[in-house]
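Comments concern the structure below.
Computed from the coordinates by the stated procedures, all read-outs in this text should not be read as laboratory data. Because the structure is a prediction, the values reported are computed rather than measured. Here Cβ is always computed from backbone atoms with ideal geometry, including for glycine, and neighbour counts include all displayed protein chains.
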Amino acid sequence: MKKVLILIGVVLIFFIFFYFDNPPEFEPYIEGYVVEADINRLLVVSGISEEQAENMNQKEVVNLSNVEAIWVSKYNFFRFREGQKVRVWISGSVAESFPAQAKADYVEIVRD
């Protein structure tokens, strides 16, 4: 009985976490490609191609001109990989560095 209750709890938490994970009503902060992804954050860059995103790292991004780049954290990043096109919503403050830094409210994979 204890195992059944634990299983129901886990399924319920999983359902709530993913079911209510909808994009905000406002426009995304950035749409671009994931250049680096780990469990804690994503580096998203707009103004590059998918091929560039798959073969680039943070040091190379810093040397680019005419691109927008941001490190985003506080999200479920295990489902993202380098080269994926994403949209990122941010409602809080953004650190004005290059790449910029912020906490993501929502990240959506763009399927072309």
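Relative contact order of region 46-112, taken over Cα pairs closer than 8 Å and 6 or more residues apart, is 35 percent. With R₀ fixed at 35 Å, the C-beta to C-beta distance from Asp38 to Leu5 puts the FRET efficiency at about 0.55. Taking the square roots of 5 times each eigenvalue of the Cα gyration tensor of region 26-109, largest first, gives ellipsoid semi-axes of 17, 14, 11 Å. Projected label points at Glu51 and Phe98, each 7 Å from Cα along the beta carbon direction, are separated by 2.5 nanometres.
In plain terms, the chain is cut at each of the GluC sites (Glu not before Pro) found in a DSSP loop with at most 16 other Cβ atoms within 10 Å, and the longest leftover piece is 26-95. On full extension, the segment bounded by Phe26 and Ile109 gains 28.2 nm, given 0.36 nm per residue less the C-alpha separation. Ignoring lysines fewer than eight residues from Lys103 along the same chain, the ones with Cα atoms less than 20 angstrom from its Cα are Lys74, Lys85. Note: relative contact order over the chain, using C-alpha pairs below 8 Å and six or more positions apart, is 27 percent. Could you work out how far the C-alpha centroid of region 29-48 sits from that of region 85-112, in angstrom? For region 29-48 versus region 85-112, the Cα centre distance is 8 Å.
Comparing Gln84, Gln52, Gln101 in a Gaussian network model of the chain (Cα springs below 10 Å), the most mobile by mean-square fluctuation is Gln52. Rounded to the nearest 10 degrees, what's the angle between the helix 2-19 long axis and the longest principal axis of the chain, both from Cα atoms, 0 to 90? The angle comes out near 40 degrees.
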